[in-house]
Amino acid sequence: MITASSTLRGHIIQACLQLETTGLNRGTSGNISCREGDHFLITPSGMPTAQMHPAHIVTMNFDGKVIGTGKPSSEWRFHSDLLKHRPELNAIVHTHSPNATALACLREDLPAFHYMIAIAGGDTIRCAPYALFGTETLSHYALEAMRDRKACLLANHGLIAAGRDLDEAMAVAIEIESLCQQYLLARQNGQPVLLSTAEMQAVIERFRNYGRNVNSPE
Ligand SMILES: [Zn+2]
C-alpha cells in the first residue's frame, strides 16, 4: 500500500541519489531528514544509497528516541534539534560536499560575493565552530549558525541546508555548493568584491516577493 509516509521515504531516497549524481555526496557521509507530523524520518547510519529501501528510513521523535527499528544517522541530533526549534523548516540535508567543506576547513563564513547568497536568507552563510560529529555541542553551534538562515557551514566538517520541504532543502544545498566553488575560484584569482548591505537587502526583498521560487528570479 502506498501511503504518505512511504512516498516521503521514497522521496528521501531519491534525494540521496541526487546528492550522488550531483557530486555532493560520496559514500555514506551525507544524510537527510524530513518532518512528518510530530516525528521525523531520517536516513539510516552507514548505509550506501544503492542499498537503501523505504523500510530502512528510520523514524524518530524529538526526544531522540527511535520509533520502531533501525539505527539513525550518527548526525541525528542536529537534524532533530533544527526541526524541533525551527517549525518553518521541514527538511534538512547534510553533506560533506567538496567545495563547501573546503571553505568550512578555512573556518570562514561565505560572504556576499554573489547575490545568490540570499538563497539562505541573509547576506552571509555562517560557519559554525568545530565540535565532534554527532554531539550536542555541534548541534548547539549549528542552531546558532542557522539563526535566520536556511544553511550553514560546519567547521572542518561540511554543510547543512534546510527548507520548507525537501525540494527546497536540496535546491539550497546544490546552490551553496556551487557558490562555494565560485567563491574559492574567485579567491584564487584575487580578492572578490563584496556586495554592500543595501545591495544585498534589495536582493533579499526581491527573493521574498518571488515566494516559493528559491532559484534566481532571472
Ligand atoms: Zn557530517
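The values are calculated or read from the model by the stated rules, or taken from the named source; none is laboratory data. Everything numeric in this text was worked out from a predicted model, so none of it was measured. Neighbour counts are summed over all protein chains in view; Cβ atoms, including those assigned to glycine, are modelled from backbone coordinates with ideal geometry. Areas reflect the complete protein model, heavy atoms only, side chains present, ligands, DNA and RNA absent. Shrake-Rupley method; radii C 1.70, N 1.55, O 1.52, S 1.80 Å.
Odds and ends about this structure:
- Note on surface exposure: Leu8, Leu106, Leu89 rank Leu106, Leu8, Leu89 by accessible area, highest first, 1.4 Å probe.
- Using C-alpha pairs under 8 Å with a sequence gap of at least 6, the mean separation divided by the residue count of region 4-209 gives a relative contact order of 20 percent.
- In terms of overall dimensions, the C-alpha atoms belonging to region 155-204 reach 36, 30, 17 Å along their principal axes, ordered largest to smallest.
- Computed on the Cα atoms alone, the convex hull of region 89-212 gives a volume of 92 cubic angstrom per residue.
- When Tyr141, Tyr130, Tyr183 are compared by accessible area of protein heavy atoms, the largest-first order is Tyr130, Tyr141, Tyr183, using a 1.4 Å probe.
- Farthest toward positive dipole pole in the chain [+1 Lys/Arg, -1 Asp/Glu at C-beta], among Phe133, Leu89, Leu195: Phe133
- Student exercise, region 1-104 dipole from Lys, Arg, Asp, Glu Cβ charges, in Debye to nearest 20: 120 debye
- Dipole orientation for region 4-209: of the candidates Gly46, Phe78, Ala120, Gly46 has the Cα lying most toward the positive pole (charges on Cβ; Lys, Arg +1; Asp, Glu -1).
- If you take the Cα centroid of region 30-108 and the Cα centroid of region 158-211, the two points sit 22 Å apart.
- Net charge in the neighbourhood of Pro111 (other residues with Cβ under 13 Å of its Cβ; Lys, Arg +1, Asp, Glu -1) is -2.
- Using only the C-alpha atoms, the convex hull of region 4-209 corresponds to 110 Å³ per residue.
- Candidate cross-link partners of Lys150 among the lysines, defined by an alpha-carbon separation under 16 Å and a same-chain spacing of 8 or more, comprise Lys84.
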